[in-house]
Amino acid sequence: MDRLKQKELELIAGRCRRNVLRMIEAGHHGHMGGALSCIDIVTYLYFRGMKIDPRNPEWEERDRFLLSAGHKCMAQYAVLAEKGYFAKEVLDTYGSLHSYIPGHPDMHKLAGIEANTGALGHGLSIATGMALGLKDSGKNARVYVVMGDGELAEGSNWEAAAAAAHHHADNLIVFVDFNGLQISGRVQDVMNMTPISEKFRAFGWNVQDIDGNNMREIEAALKMTVSDNHNKPSAIIAHTVKAKGISFAENKAQYHFWTPKQGELEAAVREIEDNIQRLEKEVQKLCQN
Amino acid sequence: MSELRDPRKTFGAAVAEVAEKDKRIVVLSADSGGSSGFKQFAADHPDRYYEFGIMEQGVTGIASGMATVGKIPVFCAIAPFVTCRSYEMFRNDLGYMKQNVKIVGRNGGFTYSDLGATHHSLEDFAIMRMVPGAVVLCPQDPGEIRQAVRAMLAHDGPVYMRIGNPPIPELFPEQPFEIGKGRVLREGDDLTIISTGTCTKEVLEAAEMLSEKGLDVRVIGMPTIAPIDVDIIRKAAKETKRIVTVEEHYVHGGLGSAVAEVVTEYCPVPVKMIGVPRVYAVTGPYNELLHYYGLDAEGILKTVSEFAAKQHS
């Protein structure tokens, strides 16, 4: 990935972060921490990684994206809006009656949502079924999943992990959003599921560890899942920063679910918008060169 | 009495027959396919038969995913393991997502009699009928199993069907199955017995004995628990003034409750529910359990006679 492409993607991710804050402004609260830790991955997938058509969300040949950790849905809504799946004004309905973008995603309300996740430990099974179904229907489509790290304590995930490997679902790619924090504190203190990589490897998966807030590393890891998958599903353990992009909230478990205190939202908006402006200038400069 | 047939083999053969024409149908197994009547299907269609081992939660979610790409998954295993254990997957991944998946609980009720309460399923109607949009079926004889399989596979949406284990006789001529409809198996005006599943055989015997005693009993076979047939219940309440329900299920939450919900709202008449009290059932031979809980013809005769007498006094 050249530097211009990298900065362009970072800029889009910045705008998506702003979209998340727009939803918080509307709904007055939300699962912000995890949304911002995985949003670079979600941005990359929709803007570069996946075979999709926003004008035809039901296109049969499309790659599928599932947010197993459904509470991070503001990340997906933010990216879908930025990609043109729906008008950005819809973001202002977050938290309101009959909103198309509820606090956990609903496939029957919003085009682009593939599954009704939210209860943790469901997404990987659904994705495994999709991946096997697509393969056996002769479709060359892939299924991408973002899971939480705290979510890995749900036993049902490991049923799916075994099934995906056993049935050679090599079109299944999982990102574990390993920000290290869940609602009660550090994942390692609440229920230590580390080492995560070794667990997936032992279940028969390809595994890579990357910086999940780095576009270049996300791209490189995804290339490996195509070129070097050994007929196995792939797990990308994405080391991320919870609430990435809002410095006062970064790496703090209390921002898992955020009801902004006085001045917090304004400070967050300022920081995200400053970052967008900085990236716009960088992109402009790189374009001129 | 006709020849007895294995409900599981009847079920598996019926699915295989439809699947010959409809290639979207796939069979999922949690180490359970062979005992669910799918041995032949697995041999004939290895590309449409998926073995996952013992993971009912995982398989239910996987079935949901397969349905999103146009497959029609059929997943059959021991009833409590595809209802209680994986309930949230049924509720969210199938019900909430409106997926075209068929979950079949075999060895339902306490047909796994001596294996004990872990293997009994006496609350499946209650919990499965609470899922919005879910269809809950419990066919009464082999012909109805065959027809219910066709109806369930033609229906677009999540279905739970319960079948038993012991061989069962044909009770009535086979006819097309309409989801959500009960049918009158015996006319009568003194009292109505509404029954589901294999209990209907005992009910028909009891009705015959009641008739000899001068009680003219209407028998309604109700193979669909959800959506319940409101019209046939209202008509029976209006015309016979008393209703008894019979099911191999807890007296709470199942067919009896579904009938009582209709009766209390539209046509209040006395209702007596015959079923298993809310306990972990005793173990032993199946027929002895039926007798113990008053679910054989003799027990039904006794309870209905007492109920009818009480209503007259």
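The values are calculated or read from the model by the stated rules, or taken from the named source; none is laboratory data. For clarity, every value in this text was computed on a predicted model and none was experimentally measured. Don't worry about glycine lacking a Cβ; one is built from the backbone with ideal geometry, like all the others, and counts go over all protein chains shown.
Only residues that are away from chain A (no Cβ under 14 Å), surrounded by 24 or more Cβ atoms within 10 Å (Cβ to Cβ) and within 23 Å of A:S137 (Cβ to Cβ): list them for the range B:27-40, please.
B:F38
Filter the range B:182-222 down to residues that are crowded, with 16+ Cβ neighbours inside 10 Å and in a loop (DSSP other than H, G, I, E, B), then give me how many there are.
Number satisfying all stated conditions: 8.
Please return the ranges of strands (runs of 3 or more DSSP E) entirely within the range A:145-246 where 1 or more residues are in contact with a His (Cβ under 9 Å, 6 or more places away or on another chain).
So the answer is A:172-178, A:206-211.
Mind listing whichever residues of the range A:72-114 are within 14 Å of chain B (Cβ to nearest Cβ) and within 14 Å of the chain's Cα centre (by Cα)?
Across the range A:72-114, the qualifying residues are A:H104, A:P105, A:G112, A:I113, A:E114.
Kindly establish whether A:A165 is farther than 19 Å from A:G123 by Cβ and more than 15 Å from the chain's Cα centre (by Cα).
So A:A165 does not fit the description; no.
Would you mind telling me which numbered condition in (1) outside the structural domain of B:A67 (by TED's automatic domain parsing); (2) free of Cβ contacts under 8 Å to residues at least 60 places away in the same chain B:P167 fails?
(2) is the only condition that B:P167 fails.
Search the range A:132-175 for residues being more than 14 Å from chain B (Cβ to nearest Cβ) and over 14 Å from A:L45 (Cα atoms), and hand back the single one that is surrounded by the fewest Cβ atoms within 10 Å (Cβ to Cβ).
The qualifying residue surrounded by the fewest Cβ atoms within 10 Å (Cβ to Cβ) is A:A153.
Looking at A:M50 and the list (1) in contact (Cβ under 8 Å) with a residue 60 or more places away in the chain; (2) within 30 Å of A:L132 (Cβ to Cβ); (3) buried (at least 24 other Cβ atoms within 10 Å of the Cβ), which single condition is not satisfied?
(3)
How many residues are more than 28 Å from B:R234 (Cβ to Cβ) and without any contact (Cβ under 8 Å) to a residue 24 or more places away in the chain if we restrict to the range B:262-287?
Total satisfying the criteria: 3.
B:V279 - would you say it is surrounded by fewer than 15 Cβ atoms within 10 Å (Cβ to Cβ), of a type in the set (A, V, I, L, M) and under 24 Å from the mean Cα position of the chain (by Cα)?
Yes: the conditions hold for B:V279.
Out of curiosity, is A:N116 touching a Phe, Trp or Tyr at 6+ places or on another chain (Cβ under 7 Å) and farther than 20 Å from A:N206 by Cβ?
Yes.
In the range B:42-76, which residues are more than 11 Å from chain A (Cβ to nearest Cβ), buried (at least 24 other Cβ atoms within 10 Å of the Cβ) and in a helix (DSSP H, G or I)?
Listed by number, the list is empty, since nothing qualifies.
Looking at the structure I just gave you, is B:Y49 more than 27 Å from B:E288 (Cβ to Cβ) and in contact with a Ser or Thr (Cβ under 9 Å, 6 or more places away or on another chain)?
yes
With the requirement that a residue be within 14 Å of chain A (Cβ to nearest Cβ), in a helix (DSSP H, G or I) and polar (S, T, N, Q), what does the range B:77-103 give you?
Scanning the range B:77-103 gives a single hit, B:N92.
Which of the residues belonging to the range B:300-313 are free of Cβ contacts under 8 Å to residues at least 40 places away in the same chain, assigned to a helix (DSSP H, G or I) and either surrounded by 15 or more Cβ atoms within 10 Å (Cβ to Cβ) or of a type in the set (G, A, S) (or both)?
B:A309
Could you tell me whether the range B:84-104 includes any residue that is buried (at least 24 other Cβ atoms within 10 Å of the Cβ) and within 20 Å of B:V276 (Cβ to Cβ)?
No, the range B:84-104 contains no residue that is buried (at least 24 other Cβ atoms within 10 Å of the Cβ) and within 20 Å of B:V276 (Cβ to Cβ).
Of all residues in the range A:117-131, which are facing chain B (nearest Cβ under 7 Å), outside any helix (DSSP H, G or I) and either surrounded by fewer than 24 Cβ atoms within 10 Å (Cβ to Cβ) or among the hydroxyl-bearing types (S, T, Y) (or both)?
Selection gives A:A119 alone.
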